[in-house]
1. Just list whichever of 146/356; 211/235; 211/296; 136/200 have alpha carbons separated by over 28 Å in the model shown.
2. Based on Cβ point charges of +1 for Lys and Arg and -1 for Asp and Glu, what charge dipole magnitude is obtained for region 39-143 about its Cα centre, in debye rounded to the nearest 20?
3. Which of the peptides 76-87, 38-49 is most tightly packed, and how do the rest follow, going by the mean number of other Cβ atoms within 10 Å of each residue?
4. Among the listed pairs 21/359; 5/55; 21/55; 57/170, which have their C-alpha atoms separated by more than 18 angstrom in this model?
5. For a quick protection proxy, order the peptides 125-132, 297-304 by their average other-Cβ count within 10 Å, most packed first.
6. Fully extended, how many nm does the chain gain between residue 12 and residue 148 (0.36 nm per residue separation, minus their Cα-Cα distance)?
7. Could you give the nm distance between label points at residue 272 and residue 51, where each point is 7 Å from its Cα heading toward the beta carbon?
8. Just reorder 233, 370 by solvent-accessible area, largest first, 1.4 Å probe, all chains present.
Amino acid sequence: MKYYKLALPVNVNQLYTYSCKEYIEKGCRVLVNFNNNHVTGFVWEEETSPSSTVKYKEIMEIVDINPIIDKDLQSLAEWMSKYYYCGLGMVIQAILPIGSQIQIVQEIRLSSAITEPLDTETYSPEILHFLRFISKDCWTDLTSLKQQLPRFPLYSVADRCENLGLIEIKRSYDHKIKKKFANYVTLSPNPEPFPDLTAKQQEVWNSIKDKGESFPLAAIADRFSYSLVKALRNKNLIQIKAQEVISQTFKPETVRNYPDIVLTTEQKDAIREISESINSVPFQTFLLHGVTGSGKTEVYINLIKSVLADSQTALVLVPEIALTPQMEERFYNAFGENIAILHSHRNDRERWDEWKSIKRGESRIVIGARSAIFAPLKNIGIIIVDEE
């Protein structure tokens, strides 16, 4: 039996020891019973000298195979806990989005996108066994499912299934969030014989084939009437289905085309000096002084381009949410969908999706207010504190 000190989300500045038969890495989530409640804890260190007189509670479930927070965020959490003299579990809870808390998961169902039967060679026996208890037609309560499978790693497998797109999870905060749906056009298997089409229907069919196997109906709605598209559906060439739209990348409502800007001598000097510092020393700070409209954002963009070219990432902190739309539009114009936006005006699901996108390395530029400092970026090349 192994023993681990856990950081729990309670307002007490101490770690709590639990037992487990398996090895767990520091920074992994676990599910434990604390004061008769199920809470998400974080493994922090191994207890090498457990008391022989204490009966330790056993960890109910190991949620993560790999740590959800990396070594940099672990060090930051420890420093914050000591500096502000608050519980380590409370610090970690502030660092991570609410979606990381396992006990907020309520109900699950099979994703409408999967086809049955599942390939037994693609998925593990655990996943295949888990999916036998779930249907597409109704939501299954995880608490009752845990009672049916008391020794099964339920939450860990559910987390993996969600990442694979096999299940949908309804969390306790979902009632605050309106899901977005859109009609998607999907190509049907090639029918035989191929139906006769009018000239206009053939034009629509050619356009749909050029779009690919699945795309939003809105992408062709401005060119063709719905009756034409529906005619192709009636001839079994396409299917039209409503799908939930889950966006993990940011796109502003309006995107203007900015002209190429000729840098001033002062801008060039700032970019050169800071770039040389990034490439030569581990860490150095610079104060970029200029009135509003003097071109600081152009300096930011050029510096970020240089760190991205070196396979590094960038963090841009702004003083308040009201300033982010201007910055978002300008950065989107320069970098496209390589940006994650983190601030309190985004709902819980959006922030959790963005956080996972950053952790997977899909978003290499993060823009946000103060809490964006906790973004799980790896290999950071530059941190910009705008209007510091």
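The values are calculated or read from the model by the stated rules, or taken from the named source; none is laboratory data. Remember, predicted model here, so these are calculated numbers, not experimental data. Please note: Cβ atoms are built from the backbone with ideal geometry, for glycine as well, and neighbour counts cover all protein chains shown. The accessibility values were calculated without ligands, DNA or RNA, using every heavy atom of the protein model including side chains. Shrake-Rupley method; radii C 1.70, N 1.55, O 1.52, S 1.80 Å.
1. Working: 146/356 26 Å; 211/235 19 Å; 211/296 40 Å; 136/200 37 Å.
The pairs that break the limit, which is 28 Å between Cα atoms, are 211/296; 136/200.
2. Values: 7 positive and 16 negative charges, 73 e Å.
Once rounded to the nearest 20, the dipole reads 340 debye.
3. Output ranking for 76-87, 38-49: 38-49, 76-87.
4. On the way: 21/359 29 Å; 5/55 14 Å; 21/55 15 Å; 57/170 29 Å.
Violating the 18 Å Cα-Cα cut-off are 21/359; 57/170.
5. Values: 125-132: 14.4, 297-304: 20.6.
Result, highest mean first: 297-304, 125-132.
6. Details: separation 136, 0.36 × 136 = 48.96 nm, distance 3.40 nm.
This chain segment gains 45.6 nm when fully extended.
7. Here the modelled spin labels are 6.7 nm apart.
8. Numbers: 233 85, 370 200 Å².
Reading off the accessible areas and sorting them downward yields 370, 233.
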